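Asker: Here it is: the structure, laid out below.
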Amino acid sequence: AAGLALVSAGSVPLVDLDALEITPTSRYRRMLDDYQMLAREQLICGMHTHVGVEGRDAAVAVAHRVAPWLHLLLALSASSPYWMGEDSGYASVRALVWQRWPTAGATSGATTAAEHEALVADLIASGIISDRAMIYFDVRPSADKPTVELRVADACTEVDDAVLIAGLFRAMVRHALAGLDRPAPAAKPPLLRAAMWRAARSGLDGDLLDLPGSPKPLPAAVAIR
């Protein structure tokens, strides 16, 4: 009757910040107290994809190995051009908003389960985060499941896009598992961050970086092929 419909997208296009309520649990009240603006402006929706991997060491190794290609999945999923009622100029403003959290970013950089768990313990001990669920890397061994979890994608507006990204990520994981006896592809963290920014900026309508082989930009369609 109001001329409105539901849509799955990476950001809330129209919002009245004063009308928003925080989920009434102690955890979310504590997050609001600690993170202030970050919690109040958490008006974004991502799509998480889990792929089963046997063994925690394998899951950490796989997360490390797939990182150079994750910007391609962000570009394929980008569905959040609007922020606070305005066109942001980005295909995925969600990716920018998300990167403000202190544990957001490509991966832990760990190559073994012991290294990953030590990093998680240090972050909790620092007081910056309160629990394991606040490890917000773009790809991570799940905190509570025997999986590798992809967290980089926007919520997709089309079911077919969601299925495509899930299938591609599953293929990436299988490829990484098959190559665990070979050297891992190398891409420096600043380049991974730059590639993610480039994907967030223009999605499929501009260039994407040709990682891990080269930092040079390619047309999005070429990079994805």
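Asker: Hey, can you find the accessible area per residue of the chain for me, probe 1.4 Å, expressed in square angstrom?
Answerer: Each residue of the chain exposes 54 Å² on average to a 1.4 Å probe.
Asker: Would you kindly state how much longer the chain becomes between Arg27 and Asp205 on full extension, computed as 0.36 nm times their sequence separation minus their alpha carbon distance, in nm to one decimal?
Answerer: Going from the current span to full extension adds 60.1 nm.
Asker: Related question: Whose amide H sits under 5 Å from the amide H of Ser11, counting only residues 5 or more places off or on another chain, with H placed in the peptide plane?
Answerer: Cys45
Asker: Pairs of Cα atoms under 8 Å, at least six residues apart: use those to get the relative contact order of the chain, whole percent.
Answerer: 29
Asker: Still on this structure: Tell me which of Phe137, Ile124, Trp69 sits at the most positive position along the dipole axis of the chain, charges placed on C-beta atoms (Lys, Arg +1; Asp, Glu -1).
Answerer: Toward the positive end, the furthest listed residue is Trp69.
Asker: Give me the number: length gained by fully extending Ala143 to Ala186, i.e. 0.36 nm times residue separation minus the C-alpha to C-alpha distance, one decimal in nm.
Answerer: Taking 0.36 nm per residue and subtracting the Cα distance, the gain is 13.0 nm.
Asker: Using a probe of 1.4 angstrom, how much of the accessible area of the chain is carbon and sulfur, in percent?
Answerer: Here it works out to 57 percent.
Asker: Can I ask one more? Mind checking the log10 I(q)/I(0) for segment 5-152 at q = 0.15, 0.18, 0.20 Å⁻¹? Debye, one equal scatterer per Cα, no solvent, two decimals.
Answerer: Listed by q, the Debye log ratios stand at -0.86, -1.16, -1.31.
Asker: Separate question: How large is the accessible surface of Leu96 in square angstrom, using a 1.4 angstrom probe and rounding to the nearest 10?
Answerer: 60
Asker: Can you give the charge dipole size of the chain about its Cα centre, rounded to the nearest 20 debye, using +1 on the beta carbon of Lys and Arg and -1 on the beta carbon of Asp and Glu?
Answerer: 580
Asker: Taking 30 Å as R0, compute the FRET efficiency from the Cβ-Cβ separation of Ser126 and Ala194 and round it to 0.05.
Answerer: 0.70
Asker: Next question, about the same structure. Order the following by accessible area, largest value first: Ile124, Ile44. Probe radius 1.4 Å; ligands, DNA and RNA are ignored.
Answerer: Listed by decreasing accessible area, they come as Ile124, Ile44.
Asker: Work out the FRET efficiency for Ala114 and Val159 from their Cβ-Cβ distance, taking R0 = 41 Å, and round it to the nearest 0.05.
Answerer: 0.55
The values are calculated or read from the model by the stated rules, or taken from the named source; none is laboratory data. Being a predicted model, the structure only gives us computed values, none of them experimental. Note that we place each Cβ from the backbone using ideal geometry, even for glycine, and neighbour counts take in every protein chain shown. All accessible areas refer to the heavy atoms of the entire protein, side chains included, with ligands and DNA or RNA removed. Shrake-Rupley method; radii C 1.70, N 1.55, O 1.52, S 1.80 Å.
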